[in-house]
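Here's the structure, in structure tokens; my notes come after.
The values are calculated or read from the model by the stated rules, or taken from the named source; none is laboratory data. Here the structure is a predicted model, which is why all the values come from computation and not from measurement. When we count neighbours, we look across all protein chains shown, and the Cβ atoms used for this are built from the backbone with ideal geometry, even at glycine.
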Amino acid sequence: MLALCLAGIQSARAAESLDIQAVGKCIARMEGAYQALHDYTAVLQQTLADQGKPRPTETILVKFQKPFRVYLRWLKGPHQGREVIFARDLHQGMVWVHQGDFPDVTVCLSPSTCKALSGSRHGVEEVGLGFVIQLVKHTYQRALSRPQDGVRFIDYGPSQVQGRPVRCLESIMPAREDSGYYGHRARLCIDSQYHLPRRITIWDFQNQLYEEFLYTDLKLNPGLTEKDFDPKNPDYNF
């Protein structure tokens with residue numbers, strides 16, 4: 001996907017097909033970059049769509065620390081003011097949710113109960129760069145094991161996302177609900193310096209926009225502490 005990510009592979013022209021071995025090397029580079037992280041912060045712009053019609057974009061502050069601690073604060077959008085904390089190793093592994101609107105209460109739920117937050121398609125355990133990488137890896141591994149699916153990978157060449165240099169790859173999967181893939185098309189743009197996802201756009205099996213996640217203001221290894229994942233943090237509103 002990236003000139004640096006695909007070491008040893010000739011720089012791609014716009015909309016050039018990539019073979020699956022090249023895609024595998026790129027995913028390995030992303031995994032290596034992610035494994036080198038201890039924590040990160042980012043601002044996530046999340047846009048979900050219904051039958052191709054986008055909902056209002058939500059802007060969410062993300063704090064993430066390995067092995068799996070996450071704090072989320074909705075900065076803009078329909079759920080502005082909402083806060084969520086989940087740490088597998090803290091607070092008995094419960095999900096703390098403060099909705100930020102009426103009724104202004106904090107609830108504590110198990111991850112199995114809180115499969116997805118209101119207005120979202122994903123639960124708190126499906127948050128962050130690691131989830132995006134695993135989603136891409138699943139497509140690659142399934143395509144590798146099932147050549148009969150005819151999955152195609154296209155390199156769109158270098159471009160920019162929010163002023164950052166990226167390279168974007170699109171995968172085109174079978175347009176069948178029972179295909180075992182997450183969608184019909186997925187386009188991933190990877191930061192050319194960090195080798196981490198910047199934007200992923202998914203189209204459904206009717207080839208309509210399904211969802212898009214854009215990571216901006218990414219700060220790697222900022223040194224987050226247990227306080228960042230504590231509902232008692234005075235900077236939070238739990």
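Filter region 197-230 for residues that are among the β-branched types (Val, Ile, Thr) and exposed (fewer than 13 other Cβ atoms within 10 Å of the Cβ) and give the result. Show your work before the answer.
So the first thing to find is which residues in region 197-230 are among the β-branched types (Val, Ile, Thr), and the list is 200-202, 216, 225.
Hit for region 197-230 is THR225, nothing else.
Of all residue pairs spaced 6 or more apart or on separate chains, those with beta-carbon atoms under 8 Å, a first member in region 118-137 that is without any contact (Cβ under 8 Å) to a residue 40 or more places away in the chain and a second member that is small (Gly, Ala, Ser) are HIS122/ALA116; GLY123/ALA116.
The set of residues from region 182-196 being out of contact with any His (no Cβ under 8 Å at 6 or more places or on another chain) and either hydrophobic (A, V, I, L, M, F, W, C) or within 25 Å of ASP149 (Cα to Cα) (or both) comprises GLY183, HIS184, ARG185, ALA186, ARG187, LEU188, CYS189, ILE190, LEU196.
Inspect all residues belonging to region 112-120 and state whether any of them is outside the structural domain of ASN207 (by TED's automatic domain parsing), assigned to a strand (DSSP E or B) and closer than 30 Å to CYS168 by Cβ. Looking for residues that are outside the structural domain of ASN207 (by TED's automatic domain parsing), assigned to a strand (DSSP E or B) and closer than 30 Å to CYS168 by Cβ, one finds none in region 112-120, hence no. Counting only residues that are of a type in the set (A, V, I, L, M), surrounded by fewer than 18 Cβ atoms within 10 Å (Cβ to Cβ) and in contact (Cβ under 8 Å) with a residue 40 or more places away in the chain, how many does region 27-42 have? Matching residues across region 27-42 total 1. Scanning region 86-105 for residues that are in a loop (DSSP other than H, G, I, E, B) and within 14 Å of VAL127 (Cβ to Cβ) yields one hit, ARG88.
Across region 60-83, the qualifying residues are those that are more than 17 Å from the chain's Cα centre (by Cα) and of a type outside the set (S, T, N, Q), and the one among them that is nearest to LEU218 (Cα to Cα) is LEU75.
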